[in-house]
Amino acid sequence: MNQSPDKFDAGHARAESVVPNAVPGSATDTPPSTGTATTAVPDVDSGATLGATVGPTVEGTLSAKIAAVIVTKIVPMLAAVGKGILRVFSGLRHAFSRRWRTSLQFRTVVTTLLIASVAVVGVGGYLAGQISNGLFKERLAQAQQESARGTTQVQDSFSGASLSDQPRVATYVGDTLRLLELGGADDSRKYLMVKIPGQNSRLAVSSSDSGGVTTAIIPDELRQAVQADPDSQFWQSISLPTGEAGFSPAVVVGSQVELLRTNYELYMIYDLNSAQVTLNYIQSVLWVAGAILLVLIGAIAWYVTRTVVKPVSEAAAVSEKLAAGELEERMAVTGEDEMARLATSFNKMATSLQDQITALGTLSEMQQRFVSDVSHELRTPLTTVRMAAEVLYDAREDFDPINKRSSELLFHQVERFELLLADLLEISRFDAGVADLDAELLDIFSVIHSVIDGAMPVAEANKSELSVVTRLRNHKCVVEMDSRRIDRILRNLVLNALEHSEGNPVKIYVSADEDAVAVAVRDYGIGMSPDAVGHVFDRFWRADSARARTTGGSGLGLSIAMEDARLHDGWLDAWGVPGEGSCFRLTLPRKRGTVLTHSPVPLPPDGGAASSSSSLSTGPLLLTHTGSLGVVGALGSIKSVPGVKNVPESGKTQEQHGPESDDPGMNSSEKVNH
């Protein structure tokens, strides 16, 4: 009957903890010399006492100096070294992270190596375990066979023994057992025979061993099993001391033998060090082979991915050059494989794009030239027609009703056509890049005054109330701008708001800080859908073509307004929600050359409420004799509202929150009526 492996491991652990204190001839077994101990201890103690008596001040000073050196030099040095190591690791981490994000080849190789490493470690560990188990089982079977054969030989010899005195018995036992050392497959077998406790015989031998083997290396579980069953053989793995505090794996096999009616425990110990050396060599070969395999896998993965990724990288580089306007760039075509077909298709696509872009550019130039030429050519005949229309319009009271109505229609349509022609001429100047900016320092409230003055008839016709909301205490904000273009932008925004307000109030929000000024025109009319917000600045685009036929203009107003804002390095943004109204916000730098990073007015300024808030008064804006603007209410709370269309200069992203004023008194508000 054999014990379980778990039990063997426990016995192994106990053997390791007991053996060092039980090996004969070891430091723990050798009693210390009494003479040496009695002479050495007083010397040490007296020396320590003498040193403590004579030189306490010297030792204290030396300790203080050492502590000072540690604090002033070594600690900062260690801190600097630690910081340097952290910086190196941080740099390596950032470099690895950046390489991982930007290189497909790097990711592929690293992922392949990680998967291959897991596979190699798993397979290597499994093979090493199987080889170890195989070697151990083979050596154990051999030990069991040899031990059974040796036990039988010893028992046969003991059964035929006829001895009468104890010395002869001891000599006979030693000679018999010594043959066990020579009967095995190698010279690594040792033996130990111990009398089972509880037997009294004058011829009994207490123990016999092959030298250096004691009962301390035999696990207690194994001894109990051998003592309890005289007919079975038991084994257990142990750690065998090899000298100089070293151990080697071993297997001990035990059974009972009888000599002169006295039962003994007979143990045969088999050293497995040679098998362990073989196993270590096999494992080292496996790990070295695994490391070489990983290097080969990494090299293969790098080569394969490089072969695949290189054409893709070239295609990406060529695509970037094409996007930058270098339309002549093409990929190199090599071979006839998939990559060659990819390069050929890419080059055909690039050629097609180049042809289309060139054709579109030519067509665009022709269209711009046509618009410019037609606009200039129409100015002279249009002037003549307008003069004739004015004459007929002034004399319309003398005509019959039909001719009177015809003269009025002629006059208004000629006036509308003249406005369309002016818009076309302005667009042609923007396209040709000849639009200039006549900037000067002006108060933006004077421009707002002029715009509201001109929009009052439209507001009265639509039964809408105009109001200005601001936190600027003195109602004054000087901006470096082209007043003609800013007037055109605000006039367009206000008139559009009035036309689409459906009789609801229209508010003009004004705010500024040290760098920027913003004017937002908010109406509470029909609003705009997300699709309309996305196209509101496109040329000739109308949100409602039916409405445009009755009230609208040419569809170029907002396009021209956006170009005017860009000339000022400003932003023109749009927001709208169906049923909640719309809001357009103009943001300008207060000084030329300032780069905008935010807008002082959020979009929308009132948080997107569909009706006037209780904190905002909607009374009409009236002008005093001094021409100053009154203010109504104060700016609403800043909220992030969906449905915003931002059109910043050069594609820059603007913030919708910013300081509300550069004046510490902006928190006050006034209402002036006249």
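Assuming 0.36 nm per residue, please report the length gained on full extension of the stretch Q153 to V391 beyond their Cα-Cα distance.
Answer, rounded to one decimal: 71.0 nm.
Based on the mean of other Cβ atoms within 10 Å per residue, sort peptides 509-522, 221-234 so the most packed one is first.
Final packing ranking: 509-522, 221-234.
If I stretch the segment between E221 and A461 completely, what's the gain in nm (0.36 nm per residue apart, minus their alpha carbon distance), one decimal?
Working it through step by step, the gained length comes to 75.3 nm.
Based on other C-beta atoms within 10 Å, arrange I486, I85 from fewest to most.
The fewest-first ordering by Cβ neighbours comes to I85, I486.
List K195, K507 from most exposed to least, where exposure is judged by having the fewest other Cβ atoms within 10 Å.
Neighbour counts put them in this order, fewest first: K195, K507.
Just the number, please: Stokes-Einstein D of the range 121-280 in µm²/s, Kirkwood Rh from C-alpha pairs, 20 °C, 1.002 mPa s.
128 µm²/s
Work out, step by step, the length gained on full extension between A316 and L425: first 0.36 nm times the residue separation, then minus their alpha carbon distance; give nm to one decimal.
Length difference between fully extended and current span is 35.1 nm.
Going by C-beta contacts inside 10 Å, put M268, M77 in order with the fewest on the left. Write down the numbers at each step before the final one.
Working: M268 30, M77 11.
By the 10 Å Cβ count, ascending, the order reads M77, M268.
Taking 35 Å as R0, compute the FRET efficiency from the Cβ-Cβ separation of A228 and W287 and round it to 0.05.
Given R0 = 35 Å and the Cβ-Cβ separation, E is 0.20.
How would you order 455-463, 381-389 from highest to lowest mean count of nearby Cβ atoms within 10 Å?
Highest mean packing first, the order is 455-463, 381-389.
Suppose R0 equals 45 Å; then what is the FRET efficiency for E440 and E326 from their Cβ-Cβ distance, rounded to the nearest 0.05?
In this case the efficiency is close to 0.65.
Cα gyration tensor of the range 160-231, axes a ≥ b ≥ c as square roots of the eigenvalues: rounded (a/c below 1.5), prolate (a/b > b/c) or oblate? Don't skip to the end; give the middle numbers.
On the way: a/c = 1.85, a/b = 1.08, b/c = 1.70.
Cα axes put the range 160-231 in the oblate bin.
Which order do the peptides 86-94, 569-577, 410-418, 524-532 take when ranked by the mean count of other beta-carbon atoms within 10 Å per residue, highest first?
Those peptides, ordered most packed to least, come out 569-577, 524-532, 410-418, 86-94.
For the range 330-433, state what percent of all Cα-Cα pairs lands in each successive 5 Å bin, counting from 0 Å until the bin that includes the largest distance.
So the P(r) values, bin by bin, are 2, 11, 12, 11, 9, 8, 8, 7, 6, 5, 5, 4, 3, 3, 3, 2, 1, 0.
Each value in this text was obtained by applying a stated rule to the coordinates, not by laboratory testing. Every value quoted in this text rests on a predicted model; they were computed, and no experiment measured them. All Cβ positions, glycine included, derive from the backbone under ideal geometry; neighbour counts span all protein chains shown.
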